[in-house]
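Heads up: the structure comes next, in structure tokens.
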Amino acid sequence: MKSIIGTWDLLSFKHTVIETGVESDIMGDTPCGRIIFTSDGFVSVFISKQGRADFNKDNEKLYKTMMAYMGKYTLDGDKCNFYIDRTWDPDWMDITLQRQIAFDGDTLIITTLPQIGIDGKLSTAKLTWKKSE
């Protein structure tokens, strides 16, 4: 398997609500995001929706259109576990997130297992990343 070590920029964030099967670009057509995996086992993630400048410091909209967290990570085959110890959302503190990882050419694909999404609905997400240059 290719190495996840390094800095990756977000290309897409596809969100699927399990109950309805409806897929959406929950962070817009061109989301902003970066994930950094270090060789000593740390991960840092920032993701936001496009067009946040239009929210005029509306804290609730700003909060609901971004996510940021960091901690340690471990790899187990095609699974990656994130052990969150810093986060924008207090409910995510000290949780473990398990993700499936895959490579498609020069892109990294991270798929969530079913979880409560940022919209409050049981969902999965597929995030596609390209190595930063």
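We did not get these values from a lab; they are worked out from the coordinates using the rules stated. Just so you know, these numbers come straight off a predicted model, no measurement behind them. For neighbour counting, all protein chains shown are included, and Cβ atoms are generated from backbone atoms with ideal geometry for every residue, glycine included.
When the alpha carbon coordinates of the chain are projected onto the principal axes, the ranges are 41, 30, 30 Å, largest first. The simple spin-label model puts a point 7 Å past each Cα toward its Cβ; for Thr20 and Ala102 those points are separated by 2.5 nm. Along region 111-122 the Karplus relation, 6.51 cos²θ - 1.76 cosθ + 1.60 evaluated at θ = phi - 60°, assigns HN-Hα couplings of 10, 7, 7, x, 7, 6, x, 5, 8, x, 10, 5 Hz to successive residues, with x for each Gly and Pro.
Near the amide H of Ile4, within less than 5 Å, lie no amide hydrogens of residues on another chain or at least 5 residues away, with H placed in the peptide plane. Rounded to the nearest whole Hz, the Karplus-based 3J(HN,Hα) values (6.51 cos²θ - 1.76 cosθ + 1.60, θ = phi - 60°) of region 79-92 follow the sequence 10, 10, 9, 9, 9, 6, 10, 9, 7, 6, 10, x, 5, 8, with x at glycine and proline. In this structure, the residue pairs whose Cα-Cα separation is over 23 Å, taken from Lys2/Lys72; Lys14/Lys79; Lys49/Lys79; Lys2/Lys126; Lys79/Lys131; Lys14/Lys131, are Lys49/Lys79. The residues packed around Trp92, meaning those with a beta-carbon under 12 Å from its beta-carbon, carry a net charge of -3 if Lys and Arg are +1 and Asp and Glu are -1. Its DSSP H runs of at least 4 residues, each contributing -39,500 (n - 2.57), put the calculated 222 nm mean residue ellipticity of the chain at -1000 deg cm²/dmol, to the nearest 500. Between Gln50 and Thr30, Cys32, the built amide H atoms are under 5 Å apart, and every one of these is 5 or more places off in sequence or on another chain.
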